[in-house]
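Nothing in this text is a laboratory measurement; each read-out follows from the coordinates by a stated rule. Note that this is a predicted model, so its numbers are computed, not measured. All Cβ positions, even for glycine, are placed from backbone atoms using ideal geometry, and neighbour counts span all protein chains on display.
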């Protein structure tokens, strides 16, 4: 399906995609593969899907990747694919966090575009190095802050930009989950194990895993830039090496204030990402668990419910809407929208052009902002919840 406004002009066929990480049993790798294929813009033709060679090869063969393009290491993959006339045009990086920087660096140096899971890196220095290398290589670099692909998030962004909320005053973002309420990492749980290991996740636990999503979404919709923050990071589960709860105050440039709460130890919350934005003319409220709805409260008037592909939504939401009113769409479709926006930019890059200005996706610069946010939050909390500039 071609989504409105993005067309399907793809001289040279589908985008040849490779993947690093995401082998047998990996959750996010399967999500990336499914969402990359949803709009039929990519072919997965190569992969280094595990750090264990036998598993990497077996995983690639399971997915129908040719044996000679089932690589045992990302270094080999970058070098060999760069030399092939039919080599990959872009690589999706879906490894644990600590591998994002070295893998991205190898492919950028090989002249291959990058689509990287968040957070971009585990340190600000690494993130800045990738920003510099991206500019030097002239490659595209997308970071999959996938919630930016929801139609009603695009609607909210457009309404803020059009001044419908007036001067912004308050932004509230929260992202509570409950899956780490017990110490699953001590029980051999694969996802819990690496996400709570600072050697793999970085210094931020919950704040780096889901807090970055909330932070990015707040900035994506509001258009505000951070000035300083004050963070209180907690580790409630005994023996855990990283934070599992974060409470953060935000000061934005221009005077707006923000609050961000992220937790993975909040029983009763599955994936409860929420955003509220308030200005002197009105407010907006959105919840990821009801993603097709956006509440708009004009000051002095009754609240009204805007729905995707239905009542109140305009072209900003329409571009990313896939199915008729009443048919729900959510996580996978939003993720696929990011991949399809990136595809539009990659098609344009084939001829040295630029995509339609309406095409939007998180970039390496957004990734750097996310890493700086995490690093500042960790620093602030370690110093007793003092104000810190990212």
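Taking the helices alone, the chain has a mean residue ellipticity at 222 nm of -10000 deg cm²/dmol, built from -39,500 (n - 2.57) per DSSP H run of at least 4 residues and averaged over all its residues.
The distance linking segment 27-101 with segment 131-148 is 18 Å (Cα centroid to Cα centroid, whole angstrom). Taking each residue as 0.36 nm, the span from residue 136 to residue 34 lengthens on full extension beyond its C-alpha to C-alpha distance by 33.6 nm.
A Förster distance of 30 Å, applied to the separation of the beta-carbon atoms of residue 67 and residue 354, puts the FRET efficiency at 0.20. Within segment 111-130, name every residue whose backbone N is under 13 Å away from a label modeled 7 Å from Cα of residue 55 along the Cβ vector. Correct set: none at all.
Taking other C-beta atoms within 10 Å as the exposure proxy, 182, 81 rank 182, 81 from fewest upward. Here r is the Cβ-Cβ distance between residue 183 and residue 280 and R0 is 56 Å; the resulting FRET efficiency, rounded to 0.05, is 0.75.
When a/c reaches 1.5 or more, the comparison of a/b and b/c decides; with that in mind, is segment 16-103 rounded, prolate or oblate per its Cα gyration tensor? Rounded, because the longest to shortest axis ratio a/c is under 1.5.
Calculate, for residue 323 and residue 382, the FRET efficiency according to 1/(1 + (r/R0)^6) with r their C-beta to C-beta distance and R0 45 Å; round to the nearest 0.05. Present the calculation step by step, with values, prior to reporting the outcome.
Numbers: r = 47 Å, r/R0 = 1.04.
Using R0 = 45 Å, I get an efficiency of 0.45.
Assign one of three labels to segment 86-243, namely rounded, prolate or oblate, based on the Cα gyration tensor with a ≥ b ≥ c the square roots of its eigenvalues; rounded applies when a/c is under 1.5, prolate when it is not and a/b is larger than b/c, and oblate otherwise. Verdict is oblate for segment 86-243.
Calculate the length of the line joining the C-alpha centroid of segment 233-310 to that of segment 149-167, in whole Å. Taking the Cα centre of each part, segment 233-310 and segment 149-167 sit 15 Å apart. Placing a pseudo-label 7 Å from each Cα along the Cα-to-Cβ vector at residue 167 and residue 225 gives an inter-label distance of 2.0 nm.
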